[in-house]
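Beneath this line is the structure, given in C-alpha cells, with notes to follow.
The values are calculated or read from the model by the stated rules, or taken from the named source; none is laboratory data. This one's a predicted model, so the numbers in the text were calculated from it and none came from an experiment. All Cβ positions, glycine included, derive from the backbone under ideal geometry; neighbour counts span all protein chains shown.
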Amino acid sequence: MRATGLNHVSISARELAESVRFYHEVFGMEPVPTPNFGFPVQWMRVGDLQVHLFERPDEPPMYHHTALTVDDFDAIYREARRRGIHDSTTFGHHLYELPGENAQMYLRDPAGNLIEVDYPSIAGLAPDVRADMKRLADGPPQDEENLKATLFLGVSPRRRVRERSGPGRAGPPLAPPPSQPPRGGRSGRHGRSAGGR
C-alpha cells in the first residue's frame, strides 16, 4: 500500500470571504463547487489540486506551512511586498536561494497562516528580487547531500533554465491549467460559502 499523490491541503480562515479573495487575487485560485459540511468552507482550484479554506477560530501554527509553486515569482514577490505580508521572522528571512538554485519565499495570509512560495530556478529573476534574496548555503553548513536537495523532483537545473521565457516567468506552467474555467462556489447557510475541509 502507498499514497499515490497529494489531493489537497486545508487552510484555516478567520473570515472565509477575506481568505477566498486573498487566494484568488494573489495566487489566481478559483472557487470550485463545494459540499456543505455545516460550517463555512470553500474549495479552491490550484492547477490539478485543491486548497480547502475553512473558517475556524483557531490560531494558525507558527511554523507549519503550505507551499505553492507559482509561474511568476517576481509578481508574487512584489504583491507580497505591496501588501506588507512577507514573513522575515519565522525562518530568519523571507526570501532564500536554496541548494539547486530554487527560489523560496515566506509570507502570511489574512488569517496568519504561513505560506511558502516556490520557483524552480533563480535564473532570470528580476534584480530587485535577487538583491533581497539570501543564500541558505551562507547560513547553516551544507554538506554534499544537502547540496543535492531540490524542491522540484524530476526537473533538472538545465531544464528549469531552458523553460524560462523572461524575468520571473517559466515557459509552460509547472501545474497545468484546468481544461475548463471552474465555476464559482456555492453559498451555504447565512450567505457564506460552505463545504469541505
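Below is a table of values for the structure above.
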read-out: Matching option when the condition is surrounded by fewer than 16 Cβ atoms within 10 Å (Cβ to Cβ) and small (Gly, Ala, Ser), among Gly100, Gly84; value: Gly84
read-out: Residues satisfying the stated conditions in segment 59-74, i.e. among the acidic types (Asp, Glu) and either assigned to a strand (DSSP E or B) or without any contact (Cβ under 8 Å) to a residue 60 or more places away in the chain (or both); value: Glu59, Asp72
read-out: Residue in segment 86-104 that is in contact (Cβ under 8 Å) with a residue 60 or more places away in the chain and under 18 Å from Ser19 (Cβ atoms) present; value: no
read-out: Residues satisfying the stated conditions in segment 8-33, i.e. surrounded by fewer than 17 Cβ atoms within 10 Å (Cβ to Cβ) and either hydroxyl-bearing (Ser, Thr, Tyr) or over 14 Å from Leu49 (Cα atoms) (or both); value: Ser10, Glu15, Ala17, Glu18, Arg21, His24, Glu25
read-out: Segment 85-119, residues that are in a strand (DSSP E or B) and in contact with a helix residue (DSSP H, G or I) (Cβ under 7 Å, 6 or more places away or on another chain); value: His86, Leu95, Tyr96, Glu97, Ala103, Met105, Leu107, Val117, Tyr119
read-out: Boolean, Tyr77 is modelled with pLDDT of 95 or more, over 12 Å from Phe27 (Cβ atoms) and part of a loop (DSSP other than H, G, I, E, B); value: no
read-out: Among (1) surrounded by fewer than 18 Cβ atoms within 10 Å (Cβ to Cβ); (2) part of a loop (DSSP other than H, G, I, E, B); (3) free of Cβ contacts under 8 Å to residues at least 60 places away in the same chain - the single one Ile122 does not satisfy; value: (1)
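For (1) modelled with pLDDT of 50 or more; (2) over 21 Å from the mean Cα position of the chain (by Cα); (3) at negative phi; (4) not charged (D, E, K, R), each residue gets a yes or a no:
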{"residue": "Leu125", "(1), (2), (3), (4)": "yes, no, yes, yes"}
{"residue": "Ala131", "(1), (2), (3), (4)": "yes, yes, yes, yes"}
{"residue": "Asp143", "(1), (2), (3), (4)": "yes, yes, yes, no"}
{"residue": "Ala149", "(1), (2), (3), (4)": "yes, no, yes, yes"}
{"residue": "Leu153", "(1), (2), (3), (4)": "yes, no, yes, yes"}
{"residue": "Arg164", "(1), (2), (3), (4)": "no, no, yes, no"}
{"residue": "Gly168", "(1), (2), (3), (4)": "no, no, no, yes"}
{"residue": "Pro173", "(1), (2), (3), (4)": "no, no, yes, yes"}
